[in-house]
Amino acid sequence: MNKAYFGIFMVLSLLMPGFSSFAAESKEIRQQRKEANKERLSLRKERSENIRNMRKIFQEFSRDLKKSYQDDINELKVEFDLKQIDIDSAHEVKITEAKNEYQKKMMNLFLSPKTKLDETTLKQFEKDAEIYSDQLFAFKKQFAEQTHKKQLNFVKQKNSLWDEMDQKILAKAEELGMTNKITPILAKQIAGTLSKSEERWNQRENKEATKIQDKLAYLLRNFRKGNKIRAHELESMKQDFILEWENESKLHKIEGQSVFINQLLMQSFSNQKFNLEEFTSKMSELNKEKQLLNIEYKKNKKKKSILRKKELKEILEN
């Protein structure tokens, strides 16, 4: 049998002079492929260790820096809140004084022996009550606008610090090489070709490099998009304030109609017949209007919330 194989080998050697060198070359190529694969595995392991160390350093740096900035912002918040407490308190004092002044005026008119609770007087009471209600509402709205403006300024100041932090974190990421393109560790052709195993390696490696790049980009996403996210939140604050006070204005108009009810109550003091049915009907109608208005307000808020989540998602993805 061995003689038969030897004979075939000799025939092939005579017919194909390069056959013996081909057999020797294949063994050499296989060895080269084996060594190349070993080198790629070593490079991949080294890359994994570098990425792991990079992530660890970055996360520790960003965590410590964020804590430092958060402490500064907390100090600003305490200072802002303390000032706001004094402002709120002063506002409540003014509101209380205005209410007491109006109530005192009304009581003096009611208790004065010169006051006749006739139709003309009741209409004057109604007019005075409406003026008082409008003035009080205007005062509350003005105060709310002033407070809102201060809140926006505080948020802008806070956002400026966060923007500064983001830039420092992104600079650190660049220093660590997190923003560099991840180059795949690809198998190179040996003797002008890639083996099937090397082709599969390259396919997996291209996917792996892309995956690593995406994960690093995800770590940096919130810092890259932080400015846009905070600008979006600031704009949402402005929209919420407008929506809230549009609703408050509508409520004020409805509540202003309670003057009519006050007139009915005053009629009871003037020895006129008190129409309980009319009073109850009007109260029910006003309550229904307020409930419907609040339902509409809540509906609009929920819709805005859903749209904002969608907008934030688009900011992060684009």
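Summary table below
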read-out: Single match in 181, 156 (criterion: surrounded by fewer than 14 Cβ atoms within 10 Å (Cβ to Cβ), of a type outside the set (A, V, I, L, M) and modelled with pLDDT under 95); value: 181
read-out: Conditions (1) assigned to a helix (DSSP H, G or I); (2) of a type outside the set (Ser, Thr, Tyr); (3) without any contact (Cβ under 8 Å) to a residue 40 or more places away in the chain: number failed by residue 221; value: (3)
read-out: Counted residues, the stretch 170-193 - those being more than 28 Å from residue 226 (Cβ to Cβ) and part of a helix (DSSP H, G or I); value: 0
read-out: Close pairs (9 angstrom Cβ cut-off, 6 or more residues apart or separate chains): closer than 18 Å to residue 223 by Cβ in the stretch 300-318, surrounded by 12 or more Cβ atoms within 10 Å (Cβ to Cβ) and modelled with pLDDT under 85 anywhere; value: none
read-out: Yes/no for residue 129 being at positive phi and over 38 Å from the mean Cα position of the chain (by Cα); value: no
read-out: Near pairs, Cβ below 8 angstrom, 6+ apart or cross-chain, from the stretch 59-86 (in contact (Cβ under 8 Å) with a residue 24 or more places away in the chain and part of a helix (DSSP H, G or I)) to any residue that is of a type in the set (S, T, N, Q) and surrounded by 11 or more Cβ atoms within 10 Å (Cβ to Cβ); value: 76/157; 84/147
read-out: From 138, 187, 144, residue being loosely packed, with under 12 Cβ neighbours inside 10 Å and of a type in the set (Gly, Ala, Ser); value: 138
read-out: Residue in the stretch 148-169 that is among the hydroxyl-bearing types (Ser, Thr, Tyr) and in a helix (DSSP H, G or I) present; value: yes
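The values are calculated or read from the model by the stated rules, or taken from the named source; none is laboratory data. Everything quoted here is computed from the prediction, not taken from an experiment. FYI the Cβ positions are ideal-geometry reconstructions off the backbone, even for glycines, and counts take in every protein chain you see.
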